[in-house]
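To start, the structure under review is shown below, and the notes come after it.
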Amino acid sequence: MPSWRTAWLINYFLWQASGETDVDISEIISIDTDRSRFKVHRSGYVNQDLFAAERDAIFNKSWLYVGHESEIVTAGDFVTRRVAGRDLVLARDSQGAVRCFHNVCPHRGAKIVREKSGNARSFTCIYHAWKFSNAGKLIGLNGPETYPPGFRQDPQHQLQPVPLLDAYRGLIFINYDSGAVSLTEYLAGAKEYLDLIMDQAQERMVLIGGVQEYAMRANWKLLAENAVDVFHLQPLHPTYFDMIGALSGSTPSFKGLTGEAHYLGNGHTVVEMDTPAGRPIAKWMPGWGEESKASIERVYADLVRRFGEERAFRIANRNRNLVLFPNLVINDHISLTIRCTEPVAPDAMDVTVWGLAPEEEAGNEVAVKRRLTSFIEFLGPGGFATPDDIEALELCQKGFASLQGAPWNDFSKGMASNTTSWMDEGQMRYFWVEWRDRLLRNCEVAA
Amino acid sequence: MSTPETPSRAEIEDFIFHEAELLDAWNLTEWRALFTEECRYLVPTPSADPYASPDSTLHIIADDAFLLTERVKRLGKRTAHAEFPHSKTQRLVSNVRIAASSGDEIHVRSVFATFRSRHGRVDTYYGRHEHILVREAGALKIRQKRSILGMEALRPQGSLSIIV
Ligand code: FES
Ligand SMILES: [Fe+2]
């Protein structure tokens with residue numbers, strides 16, 4: 001058994017035995033089928049030991065989003081990322097292969113690449129100048145004459161690659177567990193929805209406009225819940241809909257609209273739903289001006305040609321909020337965005353958001369402006385909605401401090417009728433059961 | 001528009017300090033009235049070129065006159081949850097200079113530190129303002145205000161729910 005796992009299991013048992021925390025993973029979720037109650041114990045959002053256990057049982061074993069293919073198009077392109085607490089370099093090497101390695105010098109541990117992005121044939125550590133190719137190979141030593149023969153070729157002395165790296169429809173994922181199932185198996189039913197999103201491009205999607213980097217003083221799971229939580233829209237975001245109403249001449253109404261939650265396997269969920277507002281592909285709304293109507297209709301006609309009426313209608317008219325377990329959110333609505341959370345502490349996460357557009361749209365100023373404006377008005381950290389989400393999530397985290405007197409979160413909505421309406425909470429129940437089962441599965445290794 | 005008489009730095013400072021005072025007092029209606037009819041309020045994303053066009057580069061805020069009006073309306077409502085009850089804010093503005101004048105425009109630079117306290121926590125936003133001012137009927141007005149944050153990202157501040 002690898003030593004990290006042994007260490008973790010020992011800690012786990014110490015924690016179980018110490019009685020200092022009353023956390024038993026199997027009891028964090030309380031399900032009462034007869035009375036249709038689904039409760040999550042608030043320690044799940046605050047406990048430091050659980051946070052460490054999540055890192056091992058979930059983040060070290062799941063496929064995690066690391067970047068988009070459009071960020072590393074040319075040989076030598078690279079970006080640096082932090083994924084589950086580790087600094088990584090994602091690069092296209094000089095041969096054109098995608099690489100991902102720990103951004104850590106094999107010599108004495110210094111972080112090597114400090115830029116957020118760039119193009120380089122090699123990376124040199126500032127401390128003692130060990131030099132690596134963009135494929136991660138050690139190509140230069142400072143004072144090589146006093147190193148033993150074969151030292152430079154030793155696998156331990158290369159930049160350490162992450163064990164698994166794969167991509168689906170332009171999204172690049174990594175897995176820290178070399179024994180994990182394949183990415184396609186992991187994505188399971190989510191692939192159907194990723195296809196509906198990526199098919200909006202004739203060839204491929206590209207990132208547009210840069211990146212939004214912000215933070216919330218809240219547990220990372222709160223954002224996973226929030227992303228597929230539709231019944232918060234009207235109470236929490238009236239000022240957003242007021243603004244859209246002022247833009248369009250009338251306040252958007254949800255009357256007659258429908259939506260459904262789907263459970264896609266491995267903890268992934270989606271809410272697919274009608275929208276009272278517009279979609280860049282391809283549902284025009286009055287606030288976008290008459291002049292943009294024709295081009296949006298042309299895009300729609302193209303979808304019909306490519307996919308037929310039914311699928312084109314679904315792609316163009318329905319919104320999708322997709323959560324890829326554990327920490328990736330794709331919002332396909334008035335803008336198309338990828339949101340990735342990085343857990344920092346039980347009560348803190350960093351959030352990074354990118355906007356996506358079909359490559360053929362990227363040169364169209366009006367279309368890009370429409371996407372970026374829609375993105376920042378709703379999902380931007382200075383927009384008309386996201387600051388209120390942050391406030392709500394941070395208020396939840398504050399409330400969890402009282403867990404000894406008020407211990408349970410409720411997710412019972414829709415449980416009695418056993419429906420999967422967009423306005424219910426089944427998608428969150430599904431997420432939490434997956435979360436618990438993954439933690440338990442890891443603990444069973446010890447039994 | 002007539003050629004503006006060159007303002008003194010004292011006049012410009014008074015204007016900029018008055019603006020900060022209105023914001024600290026949450027007198028946003030009066031603050032909104034400081035802008036010209038066509039106007040912009042921009043807060044670039046810290047990681048991006050601050051002078052990149054908001055049409056092609058993500059901004060934290062890229063308000064035109066319509067959105068700025070809507071933002072002020074929003075911040076006056078109880079349902080602007082992130083700012084209800086209002087945060088307490090204190091703005092320091094310094095290093096005010098007239099950087100250039102061209103045509104009817106007066107380009108003013110200043111630096112700022114804006115403290116926002118809320119729910120027992122203090123967030124600091126800092127950076128520089130670049131105002132483009134014009135004179136309308138004798139009074140100074142803001143044609144554009146660009147607030148360039150000095151942080152690397154909105155971390156740990158998280159969001160920007162106030163006017164910086
Ligand atoms: S730590 Fe990198 S070369 Fe020494
Ligand atoms: Fe929301």
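Residues satisfying the criterion are absent from the stretch B:120-135 (criterion: more than 25 Å from A:GLU213 (Cβ to Cβ) and open to solvent by 60 Å² or more (accessible area, probe 1.4 Å)).
Restricted to the stretch A:199-305, the set of strands (runs of 3 or more DSSP E) holding at least 3 residues that are in contact (Cβ under 8 Å) with a residue 40 or more places away in the chain and either open to solvent by 20 Å² or more (accessible area, probe 1.4 Å) or within 16 Å of ligand 1 (Cβ to nearest atom) (or both) comprises A:205-216, A:259-263. Candidates A:ALA348, A:ALA357: the one that is buried (at least 21 other Cβ atoms within 10 Å of the Cβ) and under 22 Å from A:VAL66 (Cβ atoms) is A:ALA357.
Looking only at residues of the stretch B:22-57 that are part of a helix (DSSP H, G or I) and of a type in the set (D, E, K, R), we find that the one that is farthest from A:GLY210 (Cα to Cα) is B:GLU30. State yes or no: is A:PHE313 open to solvent by 10 Å² or more (accessible area, probe 1.4 Å), in contact with an Asp or Glu (Cβ under 8 Å, 6 or more places away or on another chain) and assigned to a helix (DSSP H, G or I)? Here the answer is no, as A:PHE313 does not meet what is asked.
Taking the listed residues A:LEU165, A:LEU183, the one that is farther than 20 Å from A:ASN331 by Cα, open to solvent by 40 Å² or more (accessible area, probe 1.4 Å) and either touching a helix residue (DSSP H, G or I) at 6+ places or on another chain (Cβ under 8 Å) or touching a residue at least 60 places away in the same chain (Cβ under 8 Å) (or both) is A:LEU165, with no other qualifying. Of the residues in the stretch A:71-81, at least one is exposed (fewer than 13 other Cβ atoms within 10 Å of the Cβ), of a type in the set (Val, Ile, Thr) and away from ligand 2 (no atom under 16 Å from the Cβ). Of the listed requirements (1) part of a loop (DSSP other than H, G, I, E, B); (2) over 14 Å from the mean Cα position of the chain (by Cα); (3) among the hydrophobic types (A, V, I, L, M, F, W, C); (4) within 16 Å of B:THR89 (Cβ to Cβ), B:MET151 misses just one: (4). Scan the stretch A:116-129 and tell me whether some residue there is open to solvent by 50 Å² or more (accessible area, probe 1.4 Å), within 23 Å of A:VAL73 (Cβ to Cβ) and over 26 Å from the mean Cα position of the chain (by Cα). Checked against the condition, which is being open to solvent by 50 Å² or more (accessible area, probe 1.4 Å), within 23 Å of A:VAL73 (Cβ to Cβ) and over 26 Å from the mean Cα position of the chain (by Cα), the stretch A:116-129 yields at least one hit.
Remark: pairs (first residue in the stretch B:53-73, at the interface with another protein chain (Cβ under 8 Å from one of its Cβ atoms); second residue modelled with pLDDT of 95 or more and exposed (fewer than 15 other Cβ atoms within 10 Å of the Cβ); Cβ separation under 8 Å; 6+ apart in sequence or on different chains) = B:THR57/B:ASP49. Scanning the stretch A:370-419 for residues that are hydroxyl-bearing (Ser, Thr, Tyr), more than 16 Å from ligand 2 (Cβ to nearest atom) and under 22 Å from A:ILE330 (Cβ atoms) gives a single hit, A:THR373.
Output the residues belonging to the stretch A:406-447 that are polar (S, T, N, Q), modelled with pLDDT of 95 or more and either surrounded by 18 or more Cβ atoms within 10 Å (Cβ to Cβ) or farther than 19 Å from A:GLU260 by Cβ (or both). Once the filter is applied, which keeps residues that are polar (S, T, N, Q), modelled with pLDDT of 95 or more and either surrounded by 18 or more Cβ atoms within 10 Å (Cβ to Cβ) or farther than 19 Å from A:GLU260 by Cβ (or both), the stretch A:406-447 yields A:ASN409, A:GLN427. Entry remark, the stretch A:220-262: residues being within 16 Å of ligand 2 (Cβ to nearest atom), away from chain B (no Cβ under 14 Å) and not small (Gly, Ala, Ser) number 8 in total. Against the test of being assigned by TED's automatic domain parsing to the domain that holds A:VAL211 and in a strand (DSSP E or B), the options A:VAL323, A:VAL368 yield a single qualifying residue, A:VAL323. Reported count of residues in the stretch B:74-91, each being out of contact with any helix residue (DSSP H, G or I) (no Cβ under 7 Å at 6 or more places or on another chain) and touching a residue at least 40 places away in the same chain (Cβ under 8 Å), is 2. The set of residues from the stretch B:81-98 being closer than 27 Å to B:ILE12 by Cβ and open to solvent by less than 80 Å² (accessible area, probe 1.4 Å) comprises B:THR89, B:ARG91, B:VAL93, B:SER94, B:VAL96, B:ILE98. I'd like to know if the stretch B:58-75 contains one or more residues that are open to solvent by 50 Å² or more (accessible area, probe 1.4 Å) and assigned to a strand (DSSP E or B). No; the residues of the stretch B:58-75 include none that is open to solvent by 50 Å² or more (accessible area, probe 1.4 Å) and assigned to a strand (DSSP E or B).
Quick one: would you say A:GLU434 is part of a helix (DSSP H, G or I), away from ligand 1 (no atom under 16 Å from the Cβ) and closer than 27 Å to A:ILE334 by Cα? Considered against the rule, which asks whether it is part of a helix (DSSP H, G or I), away from ligand 1 (no atom under 16 Å from the Cβ) and closer than 27 Å to A:ILE334 by Cα, A:GLU434 comes out as no. Of the strands (runs of 3 or more DSSP E) lying entirely inside the stretch A:73-178, those carrying at least 2 residues that are under 22 Å from A:ILE338 (Cα atoms), away from ligand 1 (no atom under 16 Å from the Cβ) and within 14 Å of chain B (Cβ to nearest Cβ) are A:77-83, A:117-119. The C-beta contact set for the stretch A:364-389 (first residue within 7 Å of chain B (Cβ to nearest Cβ) and away from ligand 1 (no atom under 16 Å from the Cβ), second residue in a loop (DSSP other than H, G, I, E, B) and of a type in the set (Phe, Trp, Tyr), distance under 8 angstrom, 6+ apart or interchain) is empty.
B:VAL108 meets each of the listed conditions (1) open to solvent by 40 Å² or more (accessible area, probe 1.4 Å); (2) in a strand (DSSP E or B); (3) at pLDDT 95 or above apart from (1). Would you say B:THR114 is over 16 Å from B:ILE12 (Cα atoms), open to solvent by less than 50 Å² (accessible area, probe 1.4 Å), assigned to a strand (DSSP E or B) and without any contact (Cβ under 8 Å) to a residue 40 or more places away in the chain? No; evaluated as a whole, the condition is false for this residue. No other residue among A:GLY67, A:GLY44 is away from ligand 2 (no atom under 16 Å from the Cβ) and within 17 Å of the chain's Cα centre (by Cα) apart from A:GLY67.
The values are calculated or read from the model by the stated rules, or taken from the named source; none is laboratory data. The model shown is predicted, which means the values in this text are computed figures rather than measured ones. With ideal geometry, Cβ positions are generated from the backbone for all residues, glycine too; neighbour counts draw on all protein chains shown. The area values use the complete protein model at the heavy-atom level, side chains included, leaving out ligands, DNA and RNA. Shrake-Rupley method; radii C 1.70, N 1.55, O 1.52, S 1.80 Å.
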